[in-house]
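Here the structure is laid out as structure tokens; the discussion comes afterwards.
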Amino acid sequence: MATQRETWRTHTGMMFAMIGTEVGLGNIWRFPYLCGKYGGGSFLVPYMVLLVGVAIFGMMCEWVIGRSTRREPMGAFQKIGFPFGRDIGAWGVIGPFFLYSYYIVITAWVLFFIVASAAGLYFGENTEDFFLGFLGSKWVFVAHAAAVAFTSLVLSFGVQKGIERACKVMIPSLFVLLIIVAVRSLTLPGAREGVEFYMRPRWAGIANAEAWLAALGQVFFTLSLGMGAMIIYGSYMRKSWGIPLNAFACSFGNTSASILAGFAIFPAAFALNLGGAVEGKEAVGLTFLVLPEVFGTMPAGRLFGGLFFLLLAFGALSSAISIQEPSIAWMKDELRWPRRKSALLTGVVLWLMGLPFVINGFVTHGAAGGSAGIGEKLALLIKMDKVINYLGLPLLALIAILAVGWVMKEKGFAELNRNARIKIGRWVKPWLRYVVPVLVLLVLVANLLEQFFGDTYKELVGAELPGFESVGITPLTVITIIVVCGIVWGGAIGGFLTVVGVERRKAREAQSRGADG
Ligand code: TRP
């Protein structure tokens, strides 16, 4: 290769950056809302099954493509010889613009809510009126511009000094804050009802096909797949790091943030008699309407509200960084532009692309104070979220999986297991070639059908969830807590130990034969 390509400086730094791209609004804004909508614990089952069976493999495939080619998505798909590789890879460069454009708008609301919570601005007010008021104020423009400026600035410093350094600060802080808020929530009187709701799977919920569709969209979203981000981040990985274990560690580290977020939200919401508001709420409602109500009523709510939105901001900003990076990498690799220039240009374009969402919220005059107001103000944003998640992400993720299974073949499988401490057996071939694509395709088609024949479809499969009756914690709930937390935190701790182990091994290797590219 002609030029020296950037890589992650340390393994730990890479892990933080990876978890930084993964943990974000998806964990704290989307995951709890989906849990609320699809019956709490019932949603955990499809989520975990699809995470382990499908999404982790998607992640490994994107890393394989990135690391073996050391290119941005367009160059990567071309280099592995995928038919129409450049055109297909272009989605990995262009797609993120659309994702970023609305993602950063929500991030901007989060920034505003840090201040609003710490200052107690919405305390004692109707939180919906407050949120509508904010959407119609000049502050939403200020927050939006600040968020875009922040990610562009970090990216202008590059992979090691920008992304890696920022994530090393933001991600550990995020976990610490999340644990503090979860402990607060779990220790509120009456919290157990929320735990019961969150951790007790109900068959009617698990059998709901729609929940499986939503779960598939969610596992792709939460692992940052299908947008080129993981291809790029994988291209900065060193060849001496094994892919499979790192993929497991990152996935479970990410899921532990989601699980914690649920523990931070549901117990508090139910303790403060807002359980009804949690179930079946739209995503936006949960984080920006219900939670402020929770903070407004709970003891030391300003502190905990401020901390909660601060941690959410860390997650959202570190994710937004990864969504902006593919286009910058493309300009660097293909146009040979300096990083600063690319960061500035993408920043301006992304700011402009976000404006329609901001303006949509700013100008629409809904029925005064009614919930229609929010629906109208967020119409554009919610549509974009649906298109991206139900169609965009699964499609490119599927292509990446097909690329490894059918185009790279033996080369891909070899790259997957290269230098891996725990290698994946031969079963991975049929799994990647047939099982995963068929599953993704099924869901993709089902989603398409839903988009076009939504109502009919709902009649066919979407049995309404039975009402939630709250009782004390059942044995099943306890079992679920043990199983879910065991898997997730066991995975995360295992991942952490791997980090330490790999660092040591790397140091040893570096001593004996010098660094590699
Ligand atoms: N995973 C992030 C979250 O949960 C969002 C995200 C970052 C993302 N980069 C991505 C989603 C790339 C899809 C593709 O908030």
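What the table shows:
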read-out	value
Residue list for segment 185-214, filter: open to solvent by 20 Å² or more (accessible area, probe 1.4 Å) and not in a helix (DSSP H, G or I)	187, 189, 190, 200, 201, 202, 207
Residue identified as modelled with pLDDT of 85 or more and open to solvent by 10 Å² or more (accessible area, probe 1.4 Å) among 311, 307, 274	307
Sole exception among (1) more than 25 Å from the chain's Cα centre (by Cα); (2) in a helix (DSSP H, G or I) for residue 419, by number	(2)
Residue among 148, 159 that alone is open to solvent by less than 70 Å² (accessible area, probe 1.4 Å), among the hydrophobic types (A, V, I, L, M, F, W, C) and modelled with pLDDT of 90 or more	148
Which listed residue, of 228, 217, is surrounded by 23 or more Cβ atoms within 10 Å (Cβ to Cβ), farther than 21 Å from residue 77 by Cα, in contact (Cβ under 8 Å) with a residue 40 or more places away in the chain and within 15 Å of the ligand (Cβ to nearest atom)	217
Given (1) assigned to a loop (DSSP other than H, G, I, E, B); (2) within 12 Å of the ligand (Cβ to nearest atom); (3) closer than 19 Å to residue 492 by Cβ, index of the condition residue 251 fails	(1)
Residues of segment 23-62 classified as away from the ligand (no atom under 16 Å from the Cβ), under 14 Å from residue 440 (Cα atoms) and open to solvent by less than 10 Å² (accessible area, probe 1.4 Å), total	1
Subset of segment 231-241 (residues that are open to solvent by less than 10 Å² (accessible area, probe 1.4 Å) and either more than 12 Å from the ligand (Cβ to nearest atom) or in contact with a strand residue (DSSP E or B) (Cβ under 8 Å, 6 or more places away or on another chain) (or both))	234, 235, 236, 237, 241
Within segment 392-416, considering residues that are of a type in the set (A, V, I, L, M) and more than 27 Å from the chain's Cα centre (by Cα), the one least open to solvent (accessible area, probe 1.4 Å)	408
Members of segment 197-214 that are touching a Phe, Trp or Tyr at 6+ places or on another chain (Cβ under 8 Å) and either of a type in the set (Asp, Glu) or more than 16 Å from the ligand (Cβ to nearest atom) (or both)	197, 198, 205, 208, 210, 211, 213
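The values are calculated or read from the model by the stated rules, or taken from the named source; none is laboratory data. These numbers were taken from a predicted model, which means no experiment stands behind them. When we count neighbours, we look across all protein chains shown, and the Cβ atoms used for this are built from the backbone with ideal geometry, even at glycine. Heavy atoms of the whole protein, side chains included, go into the accessibility calculation; ligands, DNA and RNA do not. Shrake-Rupley method; radii C 1.70, N 1.55, O 1.52, S 1.80 Å.
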